[in-house]
Amino acid sequence: MPGPDFDPRGRVNHALLVGVDGYTYADDLPGVRHNLDDLSEALRAGGLFGPEDVTRAAPVGSSDFLTALDRAAKKARGLLLVYFAGHGRLSHDGSELFLTFGSSRRLPGDEPHYSESVSWNEVLRSKLRGYAVNGTVDRIVVVLDCCFAGNALESFKPGALEAGRDRISVLTAVQVNRRIPAGRGTTATPYTAHLVRLLRHGVGAEDGLVRLAPLATALQEAMHGSWTDDGDPWEPRHHLAEGGRDVILGVAGGREEARRRLVARAATAVRSAGRRVVTAIRDAARSRPLTALAAVLAVLLAAGGYGVHRWTEGSPACAPPVQLRLLADPDVEPTVGRAVDAFLDSGDNHDGHGCRRAGISIESPQATDAVTGLRRAAQWQSPPATGTFQPQRDIGPQPDVWIPGSSVSYERARGGGGGGGGGAATLDSLGPLAYSPLVLAVLRTFAVPAANATGVPLASLVTQLQASNKQAVVLRADPEYTDAAQLATVGLYGIGGAADVTDAGVRALEQQTALLSPAPRSSSELMCALASGPAGLEDRAAVVVPEQVMAQFNDAKAPLHEPECLTGRLGQRAPEYPSDVGMLDLPFVHVTWRGGDRDAAARNAAVEALHGWLTGADGQKVFTDAGYRALSDHAGDAAAPPAGSWLTGPGRALGQLPHPADAAPAASVERALTEFHSARGPGQVLYLLDSSTSMGDTVNKVWSGPGRAKDLVAQTLDAFGPDDQYGVWTVSGTSPPDHALVPFGSYASPTGPRQRLAAARTGGEAHPGDAVLDALGELKRDQRTGRPQLIVMLTDDEDDTWITPDQLKRIGSAATAQHVPVYWVSLTSAGCTSSSRHLGPEVAGATGGRCLDPGGNQIAGLREAVTGVGTGGAQ
């Protein structure tokens with residue numbers, strides 16, 4: 001039978017919290033900084049660790065980590081807790097998990113090795129087993145919050161690591177061979193956030209004790225509905241020390257809860273110990289009233305009860321807060337994020353005991369994905385096996401709240417009536433949160449008739465602007481991503497106006513937007529891209545953006561949150577208010593799901609509390625501080641700017657501006673998106689699939705299977721319409737392309753190309769530089785101006801050495817001249833970091849493309865690129 005719990009209270013314990021948030025040769029992980037703050041506080045409040053019993057470390061190299069680990073083990077006698085958050089890397093066969101530190105980098109060679117990192121297997125064998133077997137500490141608990149953490153459990157398979165099994169437990173954030181999102185960066189990473197919550201509030205035990213086994217189960221339940229970067233369900237894993245004894249990690253609720261439970265335990269001890277115990281407590285209370293609790297503990301120890309080690313300040317025992325999930329338009333997400341953070345800390349989100357009622361996570365998918373996902377809500381609950389769009393993978397868990405930029409998106413998601421969601425979800429708008437009209441932001445140096453600042457359709461404003469300023473171009477963000485760009489597109493195309501812009505005029509507009517490639521995903525990103533884009537573009541570009549974004553960059557009246565990319569020239573623009581372009585109104589949409597009634601009352605109450613706070617004085621101040629117009633500004637005096645507006649000169653009152661649903665009904669946005677996809681003609685994509693011998697190596701495992709080379713191509717083929725053209729060339733041999741696996745052409749269905757992909761084999765040696773140049777030559781044969789084209793190279797980077805400096809220069813020149821970006825899909829961990837020896841980042845950078853490696857969501861990034869070229873995915 002299982003023995004009693006291992007109880008570290010009253011013993012000397014130590015926690016080593018290792019969090020690497022900054023990397024020289026890899027992406028930083030800002031959320032990790034919050035991990036250490038929150039976790040150290042939760043551990044100290046739990047009663048096992050005092051202030052001096054928690055060590056925090058951010059190692060730059062492996063020696064820093066090993067030294068910190070030895071020091072922590074020397075201090076611990078009861079429980080040693082080791083926590084790691086940072087980048088995890090794998091060997092090709094997945095048998096070696098590397099924990100990487102600030103200066104870690106991949107070393108040259110066929111098998112991945114990393115400098116200034118440690119192998120989990122080596123740490124386990126040489127360090128942790130030594131501490132356990134030699135009796136240095138009684139119990140060891142390891143928590144790994146990193147990509148591929150589940151691979152650490154391979155060491156605990158039957159027959160492996162026999163010694164020490166009864167003393168070492170491991171919690172891993174994810175299952176084997178899976179990468180995980182790093183979160184928003186403004187809060188703890190997702191797994192650690194749940195870990196902290198459970199340590200603070202408990203796992204449901206009547207005695208309030210947080211035991212390791214129930215904690216591991218609760219973490220699995222908490223991550224249910226979340227998805228890894230590989231598009232799979234996110235499933236934490238664990239190994240519990242063998243021998244049947246669970247480990248107590250603390251008491252939920254901190255000091256006050258501990259005091260209550262200790263007093264109850266003391267009463268029992270007093271009754272059984274007799275008058276000697278009563279006298280001891282009475283005398284201690286009389287002489288030193290403030291230390292009466294310490295006397296109780298001493299008596300308990302003498303009576304054979306449990307002692308408590310260094311109870312620290314904490315909050316009362318709290319039930320886990322309901323977790324809401326919120327979707328926000330990319331243009332509005334920064335402000336919504338600040339507002340949500342303020343709400344979570346506000347009294348409106350706390351009960352009378354100081355416990356949080358709700359937690360909220362935010363995602364900001366592209367606007368068209370949000371609309372499509374809510375239209376196809378059933379796919380959220382039952383994801384399709386194939387297809388380029390899967391809501392859970394591409395957006396995230398089912399949302400409770402959606403804040404699009406405009407009510408037009410709400411109407412589009414509802415499909416013109418009903419509740420939307422095809423019966424799986426119901427969408428209810430509770431009204432707007434704030435307002436921001438769209439403006440044509442024009443350089444003050446441009447010649448613009450003053451009378452045209454208001455009351456003129458957007459297409460006419462653009463025509464007049466470019467007639468007086470021959471070098472002027474007009475830009476807006478990608479309409480796939482933001483509601484503001486969709487409304488702008490309606491106006492630019494003249495849809496619903498007196499006269500539509502001709503097809504030639506639409507193509508000319510889209511040729512201008514192609515000056516920034518890839519297209520900016522938000523209006524703020526558009527403004528910043530002007531400063532870093534082609535030479536001179538900042539001085540000749542007018543932009544269609546929300547007034548709030550223009551306020552952020554206004555050199556005289558910038559609000560509180562000034563953009564990092566702000567330059568003087570970016571702010572030298574004046575607004576023109578088109579008569580036919582609606583404003584953003586940020587509707588607050590409550591999303592309820594079929595079958596989601598288990599905690600419906602608490603969830604609905606949390607949604608109502610959030611809405612009430614956002615529309616109240618505190619929430620409105622967050623929006624006006626960011627440059628939005630408040631709800632109270634809806635009616636104003638036409639002769640003066642409304643209160644809360646950043647404008648200092650003549651402008652239009654909000655009450656005179658058209659509402660989004662009036663100026664651009666849902667049908668107009670649908671038509672604009674269709675015209676946008678077809679404006680530059682059917683797209684052309686050439687996939688270059690490295691089919692060299694190393695790709696098929698059973699150790700590398702990058703050729704076949706979910707999320708690997710052939711599957712990445714197959715998953716994107718639904719993005720093409722019947723008029724698009726694409727092909728798949730296998731890259732091997734000395735003069736590629738030798739094998740047109742899928743001949744370049746148009747396909748009515750992706751079934752045939754997928755079958756050819758499934759049958760593809762590897763062999764030979766790849767020459768990726770030659771392949772990219774040949775692909776550019778193939779695409780150059782189509783001389784139609786503005787036709788969107790793309791090259792996708794998928795490779796394990798083993799043959800990068802064949803790319804010569806001369807080839808790299810020629811690739812960059814040809815791709816720039818032809819406006820053909822190259823997306824380099826590296827199947828090697830960290831293959832796109834500046835520290836890697838691979839050339840993918842250089843090829844992508846020289847051509848205006850992107851490099852995608854397994855450290856990010858490759859399929860989402862590739863799907864985004866291909867969908868932007870193909871016409872099959874038009875909304």
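Computed about the Cα centre, the dipole magnitude for segment 14-251 is approximately 540 debye when only Lys and Arg (+1) and Asp and Glu (-1) carry charge, each at its Cβ. Modelled spin-label separation between Arg598 and Lys809, with each label point placed 7 Å from Cα along the Cα-to-Cβ direction: 6.3 nm.
Simple spin-label estimate for Glu765 and Glu608 gives 7.2 nm between the two label positions (7 Å along the Cα-to-Cβ direction from each Cα). With the largest listed first and rounded to whole Å, the semi-axes of the equivalent ellipsoid of segment 14-251 from the Cα gyration tensor are 24, 21, 18.
Both radii come from the Cα set of segment 680-869: Rg as radius of gyration, Rh as Kirkwood radius; their ratio Rg/Rh reads 0.92. Beta bridges per DSSP, both residues in segment 14-251: antiparallel share near 40 percent. The length gained on full extension between Asp207 and Asp618, counted as 0.36 nm times the residue separation minus their Cα-Cα distance, comes to 144.0 nm. If R0 is 56 Å, the Cβ-Cβ spacing of Ala758 and Asp28 corresponds to a FRET efficiency of close to 0.90. How many nm is it between the label spots at Ser346 and Thr801, if each spot is 7 Å from the Cα in line with the beta carbon? About 6.1 nm separates the two model spin labels. Length gained on full extension, Leu430 to Leu107: 110.8 nm, using 0.36 nm per residue less the C-alpha separation.
Every number here is computed from the coordinates shown, using simple stated rules; none is lab data. Just so it is clear, the model here is predicted, and its values are computed rather than measured. Glycine also receives a Cβ, built like all others from the backbone with ideal geometry; neighbour counts cover every protein chain displayed.
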